[in-house]
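The values are calculated or read from the model by the stated rules, or taken from the named source; none is laboratory data. What you see is a predicted model, and the numbers here were worked out from it, not measured in a lab. Cβ atoms come from the backbone with ideal geometry, glycine included; neighbour counts cover every protein chain shown. Keep in mind that these areas ignore ligands, DNA and RNA; they rest on the heavy atoms of the full protein, side chains included. Shrake-Rupley method; radii C 1.70, N 1.55, O 1.52, S 1.80 Å.
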Amino acid sequence: MARRPFALALAAGMLLPALVVAYLLWQGFVQQIDESHRKRLSTSLNILELVISKGLEDYRAALSRLAADNTLQVTMGLDIRPQMRRYLRTQFELSEFEYVGVFDLDGNEMVWVGDQPESGTACQSSGFGNDESLAVADGRLFLERTVTVSQQGQALGRLCAGLALN
């Protein structure tokens, strides 16, 4: 009988270093997996940041080109809404905009193309100047940019477009 507890104590004593080594190896393995996840997450976020940044640059450039376009300026100046609507629809289909609106000097909507959110957009305000804001409408997040359309230094109205971010 006395041998049994001694044998069990001896076996436990021999297993204890193996258990400690196994525990330390497991901890090292878990830390390596966590570090790998952190590195992949960081890399993925950096790639996402580059993609979003490139998309925003393209969005801003496209809206600025559209505001400087002679066809839009002429149709706004002469208030030829059917031609302006056709022109904007064509530009809208080529872009990644969610919506595009043209407003006169009083802030009244002249033409709207795309899915118009019900509320919460800066496009519905009557302010002028180039400005950019985030808007939440219909449960979605939009980046809106408003650009003043002018011809020969005279403001004709404003162009507003939204880009869905989610």
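Of all residues in the range 53-67, those that are assigned to a helix (DSSP H, G or I) have Cβ atoms under 6 Å from Cβ atoms of residues that are of a type outside the set (Gly, Ala, Ser) and open to solvent by less than 50 Å² (accessible area, probe 1.4 Å), 6 or more apart or on another chain, in Tyr59/Leu163; Leu63/Arg145; Leu63/Val147; Ala67/Val147; Ala67/Val149; Ala67/Leu159.
Remark: Ser126 matches the filter, which requires a residue to be modelled with pLDDT under 85, touching a Gly at 6+ places or on another chain (Cβ under 6 Å), more than 21 Å from Ala61 (Cβ to Cβ) and assigned to a loop (DSSP other than H, G, I, E, B).
Looking across the range 72-114, not a single residue is more than 14 Å from Gly157 (Cβ to Cβ) and modelled with pLDDT under 80. Would you check if there is a residue in the range 10-29 being open to solvent by 100 Å² or more (accessible area, probe 1.4 Å), within 30 Å of Thr148 (Cα to Cα) and either assigned to a helix (DSSP H, G or I) or among the polar types (S, T, N, Q) (or both)? No, the range 10-29 has no match at all. From the list Arg89, Arg81, the one residue that fits, being closer than 24 Å to Arg140 by Cβ and open to solvent by 40 Å² or more (accessible area, probe 1.4 Å), is Arg89. Let me spell it out: the conditions are (1) assigned to a helix (DSSP H, G or I); (2) open to solvent by less than 90 Å² (accessible area, probe 1.4 Å), and Phe97 meets all of them except one. Which number is the exception? Status for Phe97: all satisfied but (1).
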